[in-house]
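The values are calculated or read from the model by the stated rules, or taken from the named source; none is laboratory data. None of these values were measured; they are calculated from a predicted model. Methodologically, a virtual Cβ is constructed for each residue, glycine included, from the backbone with ideal geometry; neighbour enumeration extends over all protein chains shown.
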């Protein structure tokens, strides 16, 4: 590529998207400086991998793409160019083996994010990437240079191009605080409001239920919402529910609550038992045994699942075996509010793609490119979030080089 001699690019944000953009730019012969507001890089990446870094998913590519819902069309070219297999190859290139778990999710061999991040940062430094931590981006000055707040005072930085990868609005204590939204809005850039994604929901449990069961998993169950069914597990929280099965439906539940004030899901508490068997077992004479003992001995229904029945059903239902059996197979649970954005695993909303060109450059801010979670898309957990961050980071890096090449002509 015949671009001008050693152009310089600053990348603002040292999460997966920003680091992948930096790697792509360095490979193209561009000088790169990475700025981040936190005391060290990849804070949210490390936290996401604390219990095991699920970096991508091994399912068929067509199924993988469907996980991005209405955002699939705009993301597909980037995900086609950097697939789940490409993610694994990239990790291998850093000396990090990976494996496919029983659910199809892909993890580093050591499970944790830290070894991968260390290897990645080492490779970037070897390729002359310069890191500047504790530098909070404050937007542009009148000359178009970038302003940063640093421990020693405000500075301005000029570069041939800039790549913004500032994250969304979840987990603000780790750096993704959404402060960039107002800075871009001041420049007339369209930003869809940030909303919680992969989040929990409030239910309004009784004090007794909360004290006894908060923190306990509910498994296995099948959740039904709007004719969609999925088996899995979720967690009882102080306020309501959260966890993988809930996150799968989070976007639709969030939008339903916003539109109608609440959303009702239905839980099959005994997914391994057909409705006929459940009805027969509940209807059996129980003699002197309590109903709870009867349900436990005949169906293995106990603990938090049994408590959910008592928490959510009217007393008269327990006197009618047919109604009780129906509730065991389809227990309505009303969700009344979305948990705050700061608690969510990720955020929806962000820079609208209509304000970006094919290189992910801001149309009204030439030379400024964007990537990662600050773009307007969302996806469920399962490796889809990180993969898309990596793919958009790579695409924005390539787009930056394309623009620099045109500028040199």
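Some values worked out for this structure:
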| quantity | calculated |
| --- | --- |
| Filter result for residue 351 (in contact (Cβ under 8 Å) with a residue 24 or more places away in the chain, surrounded by 14 or more Cβ atoms within 10 Å (Cβ to Cβ) and under 18 Å from residue 166 (Cα atoms)) | yes |
| Residue match in the range 22-43 (condition: modelled with pLDDT under 95, in the same structural domain as residue 353 (by TED's automatic domain parsing) and in a helix (DSSP H, G or I)) | yes |
| Answer from 256, 242 - the residue that is touching a residue at least 40 places away in the same chain (Cβ under 8 Å) and buried (at least 18 other Cβ atoms within 10 Å of the Cβ) | 242 |
| Qualifying residue in the range 87-95 (condition: in a loop (DSSP other than H, G, I, E, B) and modelled with pLDDT of 95 or more) | yes |
| Hits in the range 355-379 - residues which are out of contact with any helix residue (DSSP H, G or I) (no Cβ under 8 Å at 6 or more places or on another chain) and under 15 Å from residue 193 (Cα atoms) | 355 |
| Residue satisfying condition, being surrounded by fewer than 24 Cβ atoms within 10 Å (Cβ to Cβ) and assigned by TED's automatic domain parsing to the domain that holds residue 43, within set 404, 390 | 404 |
| Residue within the range 223-243 that is in contact with a strand residue (DSSP E or B) (Cβ under 7 Å, 6 or more places away or on another chain), assigned by TED's automatic domain parsing to the domain that holds residue 310, outside any strand (DSSP E or B) and more than 30 Å from residue 141 (Cα to Cα) present | yes |
| When residues of the range 355-366 are limited to those that are more than 16 Å from residue 183 (Cβ to Cβ) and either touching a strand residue (DSSP E or B) at 6+ places or on another chain (Cβ under 8 Å) or not assigned by TED's automatic domain parsing to the domain that holds residue 76 (or both), the one surrounded by the fewest Cβ atoms within 10 Å (Cβ to Cβ) | 363 |
| Leading residue by the ranking (farthest from residue 383 (Cα to Cα)) among those in the range 92-103 that are surrounded by 16 or more Cβ atoms within 10 Å (Cβ to Cβ) and touching a strand residue (DSSP E or B) at 6+ places or on another chain (Cβ under 9 Å) | 96 |
| Scope the range 300-333; condition surrounded by fewer than 16 Cβ atoms within 10 Å (Cβ to Cβ) and in contact (Cβ under 8 Å) with a residue 60 or more places away in the chain; matching residues | 303, 330, 332 |
| Hey, residue 194 surrounded by fewer than 18 Cβ atoms within 10 Å (Cβ to Cβ) and either modelled with pLDDT of 95 or more or within 16 Å of the chain's Cα centre (by Cα) (or both) or not | no |
| Condition check for residue 19: surrounded by 19 or more Cβ atoms within 10 Å (Cβ to Cβ), touching a strand residue (DSSP E or B) at 6+ places or on another chain (Cβ under 6 Å) and assigned by TED's automatic domain parsing to the domain that holds residue 87 | no |
| Any hit, the range 60-75, residues being modelled with pLDDT of 95 or more, assigned by TED's automatic domain parsing to the domain that holds residue 152 and within 23 Å of residue 114 (Cα to Cα) | no |
| Hits in the range 150-161 - residues which are part of a strand (DSSP E or B) and loosely packed, with under 14 Cβ neighbours inside 10 Å | 153, 154, 156 |
| Whichever residue in the range 117-138 is in a helix (DSSP H, G or I) and without any contact (Cβ under 8 Å) to a residue 60 or more places away in the chain and, among such residues, is surrounded by the most Cβ atoms within 10 Å (Cβ to Cβ) | 119 |
| Filter result for residue 385 (under 12 Å from the mean Cα position of the chain (by Cα) and in a helix (DSSP H, G or I)) | yes |
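To keep it simple, each residue is scored yes or no on (1) loosely packed, with under 15 Cβ neighbours inside 10 Å; (2) modelled with pLDDT of 95 or more; (3) within 30 Å of residue 393 (Cα to Cα); (4) touching a helix residue (DSSP H, G or I) at 6+ places or on another chain (Cβ under 9 Å).
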site	(1), (2), (3), (4)
163	no, yes, yes, yes
172	no, no, yes, yes
201	no, yes, no, yes
225	no, yes, no, yes
